[in-house]
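Just below is one structure, and these are the notes that go with it.
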Amino acid sequence: MKRIYIPLLLVALLASCSRHVTRVSESSTIDLSGRWNDTDSRLVAEEMVKDGLSRVWLSDFTNAKNEKPTVIVGVIYNKTSEHISTETFIKDIEREFINSGQVRLVQGGESRDQLRAERGDQQEFSSGQTMKKWGREQGADFMMTGSVNSIMDQYKKEKVIYYQVDLELSNLETNEKVWIGNKKIKKLVQN
């Protein structure tokens, strides 16, 4: 009898540990933990870029220069106590800038360094007709920087997580701040 119960017990134990995974649309909103997630990143990027592009700095620049401004997205600091991939948030912001059609966007950081390394390799290994020349990069007129902050308040089985995203757009030639935006998110998590 003991021999029969042990395999049945093992099968029941393994069945209870199984996991079911369902693919869902990447635009669906799923908030399991209450922490910063892909939906927060996407929605904040959409709203803040839309707000930034609706302000007077853009028309002032295009009227004065008769061209689209060139923007670079710099560092966005994660000042929360949790892990937030600011790289995906930056990519969401860059996508919104490009898709708006209102500005030109140039590479920054490691991506810019990779382009420069490739251009350097071309100087040595590519034909004169196809190599890309130094000193022809599009210089940025404005740089966006910012931070993501959070405050958590918890009592027993309830907690409130408050996020504040602050972004600034600065004129690179004059250091003038031409736009400051912030977005606040508050989440109530009940266990």
Under 9 Å between Cβ atoms, which residue pairs at least 6 apart in sequence (or on different chains) link something in the range 25-53 that is closer than 18 Å to SER85 by Cα and among the aromatic types (Phe, Trp, Tyr) with a partner that is at pLDDT 80 or above and in a helix (DSSP H, G or I)?
TRP36/PHE89
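One line per residue, one yes/no per condition, for (1) of a type in the set (Ser, Thr, Tyr); (2) on the phi < 0 side of the Ramachandran plot; (3) surrounded by 16 or more Cβ atoms within 10 Å (Cβ to Cβ):
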residue	(1), (2), (3)
VAL106	no, yes, yes
LYS133	no, yes, no
VAL148	no, yes, yes
TYR155	yes, yes, no
ILE180	no, yes, no
LYS187	no, yes, yes
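Between THR70, THR80, which is closer than 26 Å to GLU173 by Cβ and at pLDDT 75 or above? Talk me through it step by step, then tell me what you get.
Working: THR80 fails: closer than 26 Å to GLU173 by Cβ.
Result of the check over THR70, THR80: THR70.
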Lone unmet requirement of (1) touching a strand residue (DSSP E or B) at 6+ places or on another chain (Cβ under 6 Å); (2) buried (at least 16 other Cβ atoms within 10 Å of the Cβ); (3) at pLDDT 95 or above; (4) not basic (Lys, Arg) for GLU96:
(1)
Checking THR88 against (1) free of Cβ contacts under 8 Å to residues at least 40 places away in the same chain; (2) farther than 20 Å from SER54 by Cα, the condition it does not meet
(1)
Considering GLY139, GLY128, which residue is within 20 Å of PHE61 (Cα to Cα) and exposed (fewer than 11 other Cβ atoms within 10 Å of the Cβ)?
GLY139
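The values are calculated or read from the model by the stated rules, or taken from the named source; none is laboratory data. This one's a predicted model, so the numbers in the text were calculated from it and none came from an experiment. Don't worry about glycine lacking a Cβ; one is built from the backbone with ideal geometry, like all the others, and counts go over all protein chains shown.
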